[in-house]
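S.K.: Submitted below is the structure of interest, expressed as structure tokens.
Any read-out appearing in this document is the output of simple, stated calculations on the displayed coordinates, not a laboratory observation. On a predicted model such as this, the values are computed, not experimentally measured, just so you know. Cβ placement follows ideal geometry from the backbone for every residue including glycine, while neighbour counts extend to all protein chains displayed.
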């Protein structure tokens, strides 16, 4: 046909594509002419032919090489031929598409197009239909042959399993189905799956099939369903289903289900017919008789579980329970009603440091300390969760988070209990993933090439290698927390959590419970389960107490006791809980002066400053200022999606002469301001904040009607004004917090606001942060 069409229309090549059933694929069925290829496929909408099917209209292209819609099949040489693609079928119900390729530039006239769409398309459609009809006749002949084979199989004398598998396979073959399933009614009245056969790797939903089969068995009526797929994939099993009861002497003994009617090419739906159902009924009586015969001869006894199989199942169940016991990440103990250990997993053995063979001789109270003792919990059948207990391990006492669940035995009470626990260090690491500070800094991240900075970093590295408490001192904005994180990352505690607490930011009446935790009912509004404190959560890691100089006197006393005894007592509790964390404190205050004024405990200072790290102010290491500037320019340019190559050298030099009372934080703010406002690729003086711009212009000798002393005074006043503004921002508009940041009283801070005309700004910030 393709060759005849090509010859009649003087074309170089003719290709015929057929639409694959229930898909968007076009399969190449014939290709004749110059450059012909074998096989291949297109998607509907792909290439000129695919677009013709998609739009259901003829498409003609004079030069394929110039048309971006053109697509060439695998093995097809790209060319500049002309092409006309014509879909064929019944109206909207398309069967495929054919195309003709000719010399470049050729266009078919309307009369030729009409003939292609009419007589030629109709001829191809008729031919395809005839071929499909012939194939259907061949399939019916095959069905009759399969029925004959099925009859022979009934008398083959095979066992039940082999017979059912052969019956299911031949039934599917007889009715051209992709799969089949046989279910039998067993003695307890349930419908058991006896066999399932498929001709493909795809599976179908047996749970759904079971529900259908149960309905058919109960009603005695057959069911045909058009589409039972869970997936819309055309290749998914379950596009259609037919299920009939297997009836013997008016008694249902099982069901036979067929899946997916295989149909001729081009048919969109795989549905079973009434003829198929009649044939299934004819088969079902023979199948039911064969099944009953096998039952009467005792072959069905093979399906009954033997004692050996049951024992094997029990062994498998025990193996699974042991695998589960050993696979959980928590330690697990199982004890009997008297409190003696019956089972313990590998994690528990490792934490406690005991031998598995000795565990049956150990009582739970020897391993776990609690108030009341765990034996009392066992006697009452009580349970708890997230309770901190003390473990008596081979290496000493260890705090752990535990859960206790009784094993109840009818109405006689607890037959034992299961205790799971996890070391507090591990709990802290898990909590740190949610509420902890992300450790982002190491010593390699600290910026500075000055001699004083090298000396400070070296001291911090040495301190990191110890377990001693560290006090970090420095002005606001010098990077105290950066150093604290770097020390943590380089220490033996680096695998544990890093928790940071700002003592100045916590309300006075909450700081104690925040640090040490509290028990149930400790105060009004307390959680019913109590709460872990930061010391417990930081177990195995580092606790960073920033603004330690702001800690209330009564909390200082309790902190001193914790540092001395390496243990805490929760607010409202009486149990001592051991802790294991490294403490780093930081302040911008003069703590010795605070001690002299009676605002800080001398003995606590001695506990904190075992190693003291003084971080120099930015104006003490001016040679590092250009490094910070370049680093901040890179960060903020990338964050804002801008191309900024840097700051011009004169501006860098002038910025290095500024005193930076806010240190690195103020410098960072200034660079962010400049990057945000710069219009070009290089930052200049004009892009800096106003107070810096004025300072640099003064350095350049701008003509001003004031003395040198007045200029310096103005610069100092402006710097202080900006410092108080930064304090207000740091305190989020709260006067008390801002005063604490500046290390002065609330009244003094108010006087400074009035002195520098900042009352309006303070009012605006309060409204901004609290509304």
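S.K.: What per residue convex hull volume, in Å³, do the alpha-carbon atoms of the chain yield? Walk me through the intermediate numbers first.
M.R.: Numbers: hull volume 245.3 nm³, N = 771.
Normalising the Cα hull of the chain by residue number yields 318 Å³.
S.K.: If region 20-107 were replaced by its equivalent ellipsoid, with semi-axes equal to the square roots of 5 times the Cα gyration tensor eigenvalues, what would those be, largest first, whole Å? Can you show the working numbers first?
M.R.: Values: eigenvalues 84, 44, 25 Å².
Semi-axes (√(5λ), whole Å): 20, 15, 11.
S.K.: Another question, if that's okay. Return the FRET efficiency for the residue pair residue 114, residue 66: r is the Cβ-Cβ distance, R0 is 25 Å, and the value is rounded to the nearest 0.05. Spell out each step's value before the answer.
M.R.: Values: r = 26 Å, r/R0 = 1.05.
Result of the calculation: an efficiency of 0.45.
S.K.: Let me understand region 436-614 better: what is its radius of gyration from the alpha carbons, and its Dmax, in angstrom?
M.R.: Reported Rg and Dmax, both Å: 16.3, 55.
S.K.: Taking 0.36 nm per residue of sequence separation and subtracting the Cα-Cα distance, how much length would be gained by fully extending the chain between residue 631 and residue 755, in nm to one decimal? Walk me through the numbers before you get to the answer.
M.R.: Numbers: separation 124, 0.36 × 124 = 44.64 nm, distance 3.57 nm.
The residue 631-residue 755 span can extend by a further 41.1 nm.
S.K.: Could you tell me how many degrees, from 0 to 90 and to the nearest 10, lie between the Cα long axis of helix 121-154 and the main elongation axis, the longest principal axis, of the Cα atoms of the chain?
M.R.: Tilt relative to the chain: about 80 degrees.
S.K.: In percent, how large is the relative contact order of the chain, given Cα pairs closer than 8 Å and 6 or more residues apart? Could you put the intermediate results ahead of the total?
M.R.: Values: 1320 pairs, mean separation 46.9, N = 771.
For the chain, the relative contact order is 6 percent.
S.K.: For a test of the definition: using alpha carbon positions, the gyration tensor, and the 1.5 limit on a/c, classify region 512-661 as rounded, prolate or oblate.
M.R.: Values: a/c = 3.22, a/b = 1.94, b/c = 1.66.
Judged from the Cα gyration tensor, region 512-661 comes out prolate (a/c at least 1.5, a/b above b/c).
S.K.: While we're on this one: Out of all DSSP beta bridges with both ends in region 436-614, state the antiparallel percent to the nearest 5.
M.R.: Numbers: 4 of 22 bridges.
Counting DSSP beta bridges with both partners in region 436-614, the antiparallel share is about 20 percent.
S.K.: Shifting gears a bit: Could you state the angle between the C-alpha long axis of helix 480-489 and the longest principal axis of the C-alpha atoms of the chain, as a value from 0 to 90 degrees rounded to the nearest 10?
M.R.: The answer is roughly 60 degrees.
S.K.: Suppose the chain between residue 418 and residue 57 were pulled fully straight at 0.36 nm per residue; how much longer would it get relative to their current alpha carbon spacing?
M.R.: Numbers: separation 361, 0.36 × 361 = 129.96 nm, distance 7.36 nm.
Separation in residues times 0.36 nm, less the Cα-Cα distance, equals 122.6 nm.
S.K.: Run the quick spin-label model on residue 596 and residue 408: label points 7 Å from Cα toward the beta carbon, then report their separation in nm to one decimal.
M.R.: 6.9 nm
S.K.: Any idea how far apart residue 682 and residue 768 come out in nm if each label point goes 7 Å out from Cα toward Cβ?
M.R.: 3.3 nm
S.K.: Calculate the radius of gyration of the Cα atoms of region 622-770 to one decimal place, then report Dmax, the largest Cα-Cα distance, as a whole number, both in Å.
M.R.: 16.6, 46
S.K.: While we're here: Can you tell me the 0 to 90 degree angle between the C-alpha axis of helix 690-699 and the longest principal axis of the chain, rounded to 10?
M.R.: 50 degrees
S.K.: Which order do the peptides 609-620, 207-218 come out in when sorted by mean C-beta neighbours inside 10 angstrom, highest first? Let's see the in-between values first.
M.R.: On the way: 609-620: 18.2, 207-218: 16.3.
By packing density, highest mean first, the sequence is 609-620, 207-218.
S.K.: Using DSSP, restrict attention to beta bridges with both residues in the chain and report what percent are antiparallel, rounded to the nearest 5.
M.R.: Values: 86 of 106 bridges.
Taking every DSSP beta bridge with both residues in the chain, the antiparallel ones total about 80 percent.
S.K.: Also, quick follow-up: If you build the Cα gyration tensor of region 608-651 and take the root of 5 times each eigenvalue, what three semi-axes come out, in whole angstrom, biggest first? Could the numbers behind the result be given before it?
M.R.: On the way: eigenvalues 186, 47, 5 Å².
Working through the eigenvalues yields semi-axes of 31, 15, 5 Å.
S.K.: Given N residues in region 331-419, what is Rg(Cα) / (2.2 N^0.38 Å)? List each step's numbers first, then the result.
M.R.: Details: Rg = 12.3 Å, N = 89, 2.2 N^0.38 = 12.1 Å.
Dividing the Cα Rg of region 331-419 by 2.2 N^0.38 Å gives 1.01.
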